[in-house]
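Visitor: Please see the structure below; I have some questions.
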Amino acid sequence: MQETLQTLVGGLSLGAVYALVAMGFSLVYRTMGLVNFAHADIAMIGAYAASTFYLTSKLPFAVAMLVAIAVTAAIGLVIERVLRPLENKDFDLMLIGTIGFGIVLQAVAILIWGTTGRAVPSPLRSAPLDLFGVRVRTYDLLVMGVAALAVITLAWFLARTKRGAAMQAVAMDHEAATAVGINVGRSNALAFAIGAGLAALAGGLVGPMLYVDASLGGALGIKGFAAAMLGGFGSIPGAVVGGLAIGVLDSYAAGHFQGYSVLVTFLVFTVAIMIRPTGVFGERTVSRA
Amino acid sequence: MTSALATALAACSAPGDSGDNDKATTGPIKVAVVNAQSGQLSSLGDWEYKGAKLAVAEWNKKGGIDGRKIELKLFDDQGDPTTGTNIARKLASEKYVAMLGTAESAVTVAMGPVLQQEKIPNITSGQSNALVALKSPFLFLNGPTSTTYDTTLAQYLVTAKGHKKIAMITNNGSFGKGEHDAFLKAAKDLGVTPSTDQVVTTDQKDFSAALTTIRAKKPDVIFIGSEEVEAGLIVKQARDLGITAPFAGAAPQGTPVFIDTAGKAAVEGTIVSSPYLSNDTSDASKAFAAAYKAAYGKEAELHGAKAYDGANILLTALKTSKGATGQKLADAIRATAYQGLLGTFQYGEDGVGITKTTIGVIRDGKLVPQN
């Protein structure tokens with residue numbers, strides 16, 4: 001019992017990070033119908049930026065995170081700007097473009113920060129909480145709290161603000177949206193910027209849990225992508241459910257199947273996707289291509 | 001004078017020019033370093049390259065080999081066996097006389113058959129027993145095998161310390177698998193069966209399940225067999241879960257990356273089996289550490305020392321064989337007895353040159369000899 005609960009706690013904290021990554025994927029997909037394959041590497045840049053401002057520039061962790069988010073949001077804007085001429089013209093080229101950006105970002109990270117990564121100490125010094133023998137790290141609670149806050153803010157933004165409503169409209173029918181005077185380009189740029197900011201949030205938060213190096217994107221990307229698929233690509237609640245599900249599934253698979261855990265995780269994932277191809281909250285309304 | 005002449009000679013031939021026939025006796029001697037320069041194992045690759053480069057720079061400063069400069073070129077295998085195999089073919093077509101590295105046993109194993117076929121001697125930094133199983137007469141190890149590391153460790157834990165309750169956590173990569181098998185056998189030979197044997201994957205990030213099982217067994221000591229970063233994460237999470245037992249392991253557990261990843265407090269008391277415990281053990285290691293610091297501004301450590309030894313063995317063999325290549329060079333390496341930083345190298349048929357490690361302990365974030 002204790003082992004089961006401990007595994008759950010371990011899975012949930014990483015699951016929260018996967019959910020953030022999945023949300024970024026989903027947001028861009030939702031508005032543009034495009035999978036941004038550079039997303040995971042933006043998260044890696046965010047992790048590096050946050051750790052640099054936190055460790056080297058000695059900013060408080062929260063401030064370092066905000067700066068990192070600003071940096072990656074700017075990168076998101078640049079990517080969108082470069083891809084904009086292709087929008088509604090060559091979808092495949094846009095996809096390849098995002099893959100290319102991912103590779104460029106990795107190369108840039110190695111140029112700036114070198115090949116060896118860095119360990120980021122936890123910003124919270126307090127000892128883990130002990131709940132009936134289950135140990136819960138205070139930092140994990142912080143990660144889950146921040147992730148929850150990000151989800152609520154994003155949902156509120158999309159549902160309750162004018163900009164958010166405009167983005168939803170573009171997602172449904174960009175031609176009609178253009179006709180009623182919504183600037184599609186600006187809406188897409190905003191989606192990219194927010195998506196990239198979410199990536200930095202995920203990367204920055206995961207830094208103290210893992211190890212920051214140029215390959216961090218690979219570790220986060222595949223699980224985040226799977227989370228988005230499982231939840232239903234394009235759906236924000238789906239991203240959250242998918243993220244937590246992948247995190248917990250991964251954690252239990254590790255306990256029961258040890259060395260074969262990755263295999264089991266993705267087998268379960270494949271079966272789930274076969275049963276429900278659109279994911280848990282899937283609604284295939286977005287298809288720009 | 002000699003070095004000026006060598007420079008002049010080297011200047012005469014364009015790079016890569018000398019590769020037109022196998023028996024080139026003029027121009028630079030081309031030696032390749034193959035190691036991960038990107039990915040999670042890149043810190044290993046970085047240390048290796050620094051060590052090898054230092055040795056080559058010292059030889060070149062002394063005038064090279066018979067007046068010929070040694071030209072060192074780095075290839076990034078990304079820690080990936082497929083990339084490694086492609087590089088092996090490239091080394092053959094570009095007429096490299098020998099290869100140093102890699103630090104990754106899996107990559108070395110993948111490259112082995114190509115290098116054997118092309119008769120290119122390889123001094124690797126891998127330590128998996130799979131390297132010995134390859135039975136390539138062109139493959140040499142610049143350090144002990146996992147069996148040596150873990151037999152020494154098991155003897156210390158069981159015989160010297162009297163530990164009976166030992167837990168194991170290893171990963172299923174080539175290094176972790178090698179460590180798992182070697183330590184399990186060594187412990188069983190001493191009559192101790194580990195109380196739990198947890199296997200994790202190489203890209204796993206959350207170890208709650210394995211560590212909770214280990215915690216329930218209340219072990220005296222936990223054997224850990226995984227590379228630097230993952231081992232660091234395991235130890236960090238273990239301490240957060242309230243596990244207080246010390247960890248014990250081999251080469252990766254003595255590195256700064258392991259210590260930084262886990263945090264200084266978490267690794268206190270970690271028991272490490274290593275052929276190179278500190279930079280202060282001998283005059284040679286002191287001189288090496290000083291030269292390393294001067295060249296790179298960083299503290300020297302095991303992997304740099306291993307690569308330094310490996311490069312020196314190769315260069316010594318090149319000197320005694322007067323710049324031979326292929327089979328003759330491999331024979332010369334096998335015949336080379338070398339007093340290195342890690343100990344006395346004397347190669348056997350299996351390509352293993354050193355069979356001794358010592359036990360160290362991490363105190364205040366530094367690996368120090370056990371007393």
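The values are calculated or read from the model by the stated rules, or taken from the named source; none is laboratory data. Fair warning: this is a prediction, and the values are worked out from it, not measured in the lab. Don't worry about glycine lacking a Cβ; one is built from the backbone with ideal geometry, like all the others, and counts go over all protein chains shown.
Visitor: State which residue is surrounded by the fewest Cβ atoms within 10 Å (Cβ to Cβ) when the search covers only the range A:233-243 and only residues that are part of a helix (DSSP H, G or I) and in contact with a Phe, Trp or Tyr (Cβ under 8 Å, 6 or more places away or on another chain).
Guide: That would be A:Pro237.
Visitor: Considering only the range B:216-257, how many residues are surrounded by fewer than 24 Cβ atoms within 10 Å (Cβ to Cβ), among the acidic types (Asp, Glu) and either in contact (Cβ under 8 Å) with a residue 24 or more places away in the chain or more than 12 Å from every other protein chain (Cβ to nearest Cβ) (or both)?
Guide: So the answer is 1.
Visitor: Name the residue, out of B:Tyr276, B:Tyr296, B:Tyr292, that is buried (at least 18 other Cβ atoms within 10 Å of the Cβ), more than 26 Å from B:Phe223 (Cα to Cα) and either in contact with an Asp or Glu (Cβ under 9 Å, 6 or more places away or on another chain) or not acidic (Asp, Glu) (or both).
Guide: Sole residue among the options that is buried (at least 18 other Cβ atoms within 10 Å of the Cβ), more than 26 Å from B:Phe223 (Cα to Cα) and either in contact with an Asp or Glu (Cβ under 9 Å, 6 or more places away or on another chain) or not acidic (Asp, Glu) (or both): B:Tyr292.
Visitor: Related question: Looking only at the range A:206-232, count every residue that is assigned to a helix (DSSP H, G or I), in contact with a helix residue (DSSP H, G or I) (Cβ under 6 Å, 6 or more places away or on another chain) and of a type in the set (Gly, Ala, Ser) and tell me the total.
Guide: Here the count works out to 7.
Visitor: Residues of the range B:340-371 being part of a strand (DSSP E or B) and touching a residue at least 24 places away in the same chain (Cβ under 8 Å), which ones?
Guide: Within the range B:340-371, B:Phe345, B:Thr358, B:Ile359, B:Gly360, B:Val361, B:Ile362, B:Arg363, B:Lys366, B:Leu367, B:Val368, B:Pro369 meet the criteria.
Visitor: Right, next: Give me a count of the residues in the range A:242-254 that are closer than 28 Å to A:Thr31 by Cβ and within 12 Å of chain B (Cβ to nearest Cβ).
Guide: 2
Visitor: Quick one: in the range A:255-278, of everything that is touching a residue at least 40 places away in the same chain (Cβ under 8 Å) and within 14 Å of chain B (Cβ to nearest Cβ), which residue is nearest to the chain's Cα centre (by Cα)?
Guide: This residue is A:Phe266.
Visitor: When you scan the range A:1-93 for helices (runs of 4 or more DSSP H) that lie fully inside it, which ones turn up with 2 or more residues that are under 18 Å from the mean Cα position of the chain (by Cα) and surrounded by fewer than 18 Cβ atoms within 10 Å (Cβ to Cβ)?
Guide: Filter on the range A:1-93 gives A:61-83.
Visitor: Still on this structure: Condition test on A:Gly100, is it in contact with a helix residue (DSSP H, G or I) (Cβ under 8 Å, 6 or more places away or on another chain) and outside any strand (DSSP E or B)?
Guide: Considered against the rule, which asks whether it is in contact with a helix residue (DSSP H, G or I) (Cβ under 8 Å, 6 or more places away or on another chain) and outside any strand (DSSP E or B), A:Gly100 comes out as no.
Visitor: Quick check on A:Phe101: is it more than 22 Å from A:Ala148 (Cα to Cα), more than 14 Å from chain B (Cβ to nearest Cβ), surrounded by fewer than 24 Cβ atoms within 10 Å (Cβ to Cβ) and touching a residue at least 12 places away in the same chain (Cβ under 8 Å)?
Guide: It is true that A:Phe101 is more than 22 Å from A:Ala148 (Cα to Cα), more than 14 Å from chain B (Cβ to nearest Cβ), surrounded by fewer than 24 Cβ atoms within 10 Å (Cβ to Cβ) and touching a residue at least 12 places away in the same chain (Cβ under 8 Å).
Visitor: Among the listed residues A:Ala109, A:Ala155, A:Ala150, identify the single one that is more than 9 Å from every other protein chain (Cβ to nearest Cβ), farther than 16 Å from A:Leu20 by Cα, in contact with a helix residue (DSSP H, G or I) (Cβ under 7 Å, 6 or more places away or on another chain) and at pLDDT 90 or above.
Guide: Answer to the check: A:Ala109.
Visitor: Name the single residue, out of those in the range B:29-45 being modelled with pLDDT of 90 or more and farther than 12 Å from B:Glu104 by Cβ, that is nearest to the other protein chains (Cβ to nearest Cβ).
Guide: Here the answer is B:Val33.
Visitor: Based on this model, can you work out whether B:Met111 counts as touching a strand residue (DSSP E or B) at 6+ places or on another chain (Cβ under 6 Å) and at negative phi?
Guide: no
Visitor: Hey, another quick one. Tally up the residues in the range B:171-210 that are under 18 Å from the mean Cα position of the chain (by Cα) and of a type in the set (Gly, Ala, Ser), please.
Guide: 5
Visitor: Also, quick follow-up: Which residue, of A:Ala227, A:Ala239, is more than 9 Å from every other protein chain (Cβ to nearest Cβ), over 9 Å from A:Gly15 (Cβ atoms) and in contact (Cβ under 8 Å) with a residue 12 or more places away in the chain?
Guide: After ruling out the rest, the residue left standing is A:Ala239.
Visitor: Still on this structure: Determine, yes or no, whether A:Arg125 is within 14 Å of another protein chain (Cβ to nearest Cβ), out of contact with any Phe, Trp or Tyr (no Cβ under 9 Å at 6 or more places or on another chain) and closer than 17 Å to A:Met209 by Cβ.
Guide: In short, yes.
Visitor: May I pose another question? Would you kindly identify the helices (runs of 4 or more DSSP H) lying entirely within the range B:220-311 that contain at least 1 residues that are over 25 Å from B:Asn172 (Cα atoms) and of a type outside the set (Val, Ile, Thr)?
Guide: Result: B:264-267, B:283-296.
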